[in-house]
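Undergrad: Before I ask anything, let me first share the structure, which is written out below as structure tokens.
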Amino acid sequence: MKAKILGMTVALPLLCTLSLPADAKDPGQQVYMIRMLSCKGANANMEVYIPQSIALNGSALVRALAQPVIGYYTLDLSELNKGKPLEPVKVSMTSDGKTVIVDQYTRKLPATRIPVGGGTVDFDKRFGAEVKCGPFQAQEYG
């Protein structure tokens, strides 16, 4: 009986912790951001930026992005005369380092999963459907 109670005392807090969404800390205005992803679509271009201190973390980047960090997402609609707004996003990476996850939490859109080597993805159905993304960490694409 004691073992069962002990097991529940450990399992319940662990279950609660793992079932809650991960919080990302706002990097603040004094943080330098660096572009890590560039995508091109028929109607718009998108870019994803993360704090430079994380981007330049080298081999530890996968570990640094194991928990979401606040970055910025641009939706460039300049050709449509609508500008290029910046939107905060949560950026993380799968534990195997093969997929970047961009969560547009302010818009409540489903998270976008982008292969690290690049690929075609959907950010949203209005302007960001079937966009071609270059490799993560590539400074130029297209």
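Undergrad: Scan the stretch 127-138 and tell me whether some residue there is surrounded by fewer than 19 Cβ atoms within 10 Å (Cβ to Cβ), over 13 Å from Met36 (Cβ atoms) and among the basic types (Lys, Arg).
TA: Yes; the residues of the stretch 127-138 include at least one that is surrounded by fewer than 19 Cβ atoms within 10 Å (Cβ to Cβ), over 13 Å from Met36 (Cβ atoms) and among the basic types (Lys, Arg).
Undergrad: Counting only residues that are surrounded by fewer than 18 Cβ atoms within 10 Å (Cβ to Cβ) and among the charged types (D, E, K, R), how many does the stretch 33-71 have?
TA: Result for the stretch 33-71: 2.
Undergrad: Does Thr112 count as in contact with a Lys or Arg (Cβ under 6 Å, 6 or more places away or on another chain) and open to solvent by less than 50 Å² (accessible area, probe 1.4 Å)?
TA: Working: in contact with a Lys or Arg (Cβ under 6 Å, 6 or more places away or on another chain): no; open to solvent by less than 50 Å² (accessible area, probe 1.4 Å): yes.
The answer is no for Thr112.
Undergrad: Answer yes if at least one residue in the stretch 124-134 is closer than 15 Å to Glu47 by Cα and among the aromatic types (Phe, Trp, Tyr), and no otherwise. Talk me through it step by step, then tell me what you get.
TA: Filtering the stretch 124-134 for residues closer than 15 Å to Glu47 by Cα gives 124, 127-134.
After this cut, where a residue has to be among the aromatic types (Phe, Trp, Tyr) as well, the list is 127.
Yes: one or more hits.
Undergrad: Collect the residues in the stretch 81-136 that are of a type in the set (Val, Ile, Thr) and over 19 Å from Val69 (Cβ atoms), keeping them in residue-number order.
TA: Pass one, the stretch 81-136, residues of a type in the set (Val, Ile, Thr): 89, 91, 94, 99-102, 106, 112, 114, 116, 120-121, 131.
Listed by number, the residues that qualify are Thr120, Val121, Val131.
The values are calculated or read from the model by the stated rules, or taken from the named source; none is laboratory data. Just so it is clear, the model here is predicted, and its values are computed rather than measured. Here Cβ is always computed from backbone atoms with ideal geometry, including for glycine, and neighbour counts include all displayed protein chains. SASA here: full protein model, heavy atoms, side chains in, ligands and nucleic acids out. Shrake-Rupley method; radii C 1.70, N 1.55, O 1.52, S 1.80 Å.
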